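See structure below.
The values are calculated or read from the model by the stated rules, or taken from the named source; none is laboratory data. A quick note: this is a predicted structure, and the numbers were derived from the prediction, not measured. Cβ: placed from backbone, ideal geometry, glycine included. Neighbour counts: every protein chain shown.
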Amino acid sequence: MKLRSILLCCALMFAGAATAKEAAPMATDVAVEKRMVAISEELRCLVCQNESLAGSHAELALDLRREIRTMIGEGKTDQEILDFMVARYGDFVRFRPPVKPTTWLLWGGPFLLLAGGIAALIAFLRRRVREEAAPRLSDEEHRRAAALLDQSNAHDR
Amino acid sequence: MKQRFLIPLAVFFVLVIFLAIGLTLNPRDLPSPLKDKPAPAFTLPQLAAADKTFSPADLKGKVWLLNVWASWCVSCRQEHPLLVSFSKENNLPIIGLNYKDQLADAKNWLARFGDPYLLSAVDADGRVGINYGVYGVPETYVIDKAGTIRLKHTGPITPESLKTQILPLVAELSK
């Protein structure tokens with residue numbers, strides 16, 4: 001148990017050292033870094049497509065973050081920086097692409113599926129109500145059932 | 001109503017068809033917004049002669065290929081023999097953009113595997129690459145006489161892509 005906690009402490013120490021080393025170049029200007037991270041979280045790293053530009057260690061992501069820092073330094077607005085990226089890499093670079101004809105299905109698809117699901121649910125419920133309301137046995141069947149019940153009742157007595 | 005069991009089967013087949021289509025698509029192949037836009041201007045030193053520069057404007061009036069490559073790029077090596085044989089058979093200028101590479105490595109690489117390029121421009125910090133929307137070396141651009149990007153091919157060129165995409169387009173543009 002003691003050994004384990006010592007090992008854990010060592011691991012945590014090294015983990016701390018590792019993150020400290022990575023964070024070092026980011027500490028140059030806190031405000032710039034904050035904006036850079038905010039912008040790059042909106043952007044997809046094209047090398048590892050499901051990572052954001054902020055979270056990626058790919059060479060290209062490093063370069064693009066450098067580019068964003070430069071642009072912030074030049075006084076560009078967030079929108080201008082996003083436009084810069086879209087002009088080069090297309091709408092795919094944004095995690096929240098703009099709504100336009102090519103992305104209608106992307107934005108509307110989930111709602112279409114939802115509407116389809118609701119329609120199916122309503123159809124199912126209606127059918128069930130109808131089936132329950134409908135008489136389940138014909139008159140002839142009722143008579144036979146009653147006769148059988150009478151018979152068995154008579155038997156029990 | 002008897003055929004109700006067919007519904008899940010039909011849904012399953014629709015799903016299979018969608019997945020099959022998905023398998024044939026390449027998620028790395030993104031439509032480039034630079035298509036049909038003027039090739040971004042740049043002036044970069046040449047690999048073979050650092051005192052000379054290259055700029056896309058130098059090739060105005062010609063159809064040419066811009067091939068982004070690097071000595072560290074494994075797929076570049078894969079496509080390289082095709083480029084070398086292509087450059088011998090065709091009179092089309094191929095410009096190399098040596099992307100984020102070490103000069104000595106790049107020169108060695110060309111010496112070892114052959115040099116299909118009219119010249120290579122050195123993009124040491126990758127800034128020109130960013131302007132061209134490079135995200136996966138190798139990439140190849142077909143640029144027309146007016147200096148407009150007509151095609152962007154991401155990833156290594158294959159004999160098929162050369163035959164079905166690049167050559168027909170080059171032939172049409174060269175008219």
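Within the range B:67-103, which residues are out of contact with any strand residue (DSSP E or B) (no Cβ under 6 Å at 6 or more places or on another chain) and closer than 17 Å to B:L44 by Cα? If the condition is that a residue be out of contact with any strand residue (DSSP E or B) (no Cβ under 6 Å at 6 or more places or on another chain) and closer than 17 Å to B:L44 by Cα, then B:K100, B:D101, B:Q102, B:L103 are the ones that fit.
Output the residues belonging to the range A:36-45 that are out of contact with any Asp or Glu (no Cβ under 7 Å at 6 or more places or on another chain) and within 13 Å of another protein chain (Cβ to nearest Cβ). Write out each step before concluding.
Of the residues in the range A:36-45, the ones out of contact with any Asp or Glu (no Cβ under 7 Å at 6 or more places or on another chain) are A:36-38, A:40-44.
A:L43, A:R44, listed by residue number.
Filter the range B:2-39 down to residues that are closer than 30 Å to A:A87 by Cβ, within 14 Å of another protein chain (Cβ to nearest Cβ) and modelled with pLDDT of 80 or more, then give me how many there are.
So in the range B:2-39, the residues closer than 30 Å to A:A87 by Cβ come out as B:21-22, B:24-39.
Now restrict to residues that are within 14 Å of another protein chain (Cβ to nearest Cβ): B:25-39.
Adding the requirement that they be modelled with pLDDT of 80 or more leaves B:25, B:32-39.
Total meeting the criteria: 9.
The residue list A:D63, A:D78, A:D83, A:D91 contains one member that is farther than 26 Å from B:K152 by Cα and among the acidic types (D, E), which is A:D78. Criterion applied to B:L110, B:L103 was being in contact (Cβ under 8 Å) with a residue 12 or more places away in the chain and either within 19 Å of B:L59 (Cβ to Cβ) or surrounded by fewer than 16 Cβ atoms within 10 Å (Cβ to Cβ) (or both), and the one residue passing it is B:L103. So, of the residues in the range A:46-92 that are touching a residue at least 24 places away in the same chain (Cβ under 8 Å) and among the β-branched types (V, I, T), which turns out to be farthest from the other protein chains (Cβ to nearest Cβ)? Here the answer is A:I72.
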